[in-house]
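The values are calculated or read from the model by the stated rules, or taken from the named source; none is laboratory data. Just so it is clear, the model here is predicted, and its values are computed rather than measured. When we count neighbours, we look across all protein chains shown, and the Cβ atoms used for this are built from the backbone with ideal geometry, even at glycine. Just the protein is used for accessible areas: all its heavy atoms, side chains included, with ligands, DNA and RNA removed. Shrake-Rupley method; radii C 1.70, N 1.55, O 1.52, S 1.80 Å.
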Amino acid sequence: MGVLYDYFRVVDDAAAIGLMADLDGGPVVVSGGRPGVDAIDLKGIEPAVTLGKLVGFVRGLAWSTDLIEQRLIWSGGDEGPWLIALDDATRDTLASITAAQSPELSARWGQIEELAWGEPLPPDELLPVIEEISALAHRAQAAGHHLYCWCCL
């Protein structure tokens, strides 16, 4: 069993924490969706390294631990779940991904060891994931919202 990651957008930290109270700690994404919650399930794609490497590819930078600024804003305890706020520069980078860039990004991202697990993924396998996270970031940017990541063991 892996770690679960739901990415979503809301107006601010207080709204994100309020959502955790409303959901008894999550998850944010459930079958059939939740009214009023714009969220996606990105199983196994954690923000610091895996998503950070995609952000690095878009920015033309090598991955580093500080590429994505993130803050823990809520915790359900030592064993989770946890809620992480992502910086707006990450949101804006993800929102900037174009359809023309996506195939190359998918091919490159599918080669990282966190996703490939021994051999590269087919070049277009991560296209839907890139499209989902980019679209969520674009909606967040357009609404003046921030991106958050809920994670749980």
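Just a few scattered comments:
- Any hit, the stretch 11-19, residues being more than 30 Å from residue 103 (Cβ to Cβ) and in a strand (DSSP E or B): no
- Among the residues listed as 56, 110, 52, the single one being on the phi < 0 side of the Ramachandran plot and under 12 Å from the mean Cα position of the chain (by Cα): 52
- For the stretch 16-27, the set of residues classified as open to solvent by less than 40 Å² (accessible area, probe 1.4 Å) and at negative phi consists of 16, 18, 19, 20, 23, listed by residue number.
- Residue count, the stretch 28-43 (criterion: within 14 Å of the chain's Cα centre (by Cα) and open to solvent by 40 Å² or more (accessible area, probe 1.4 Å)): 3
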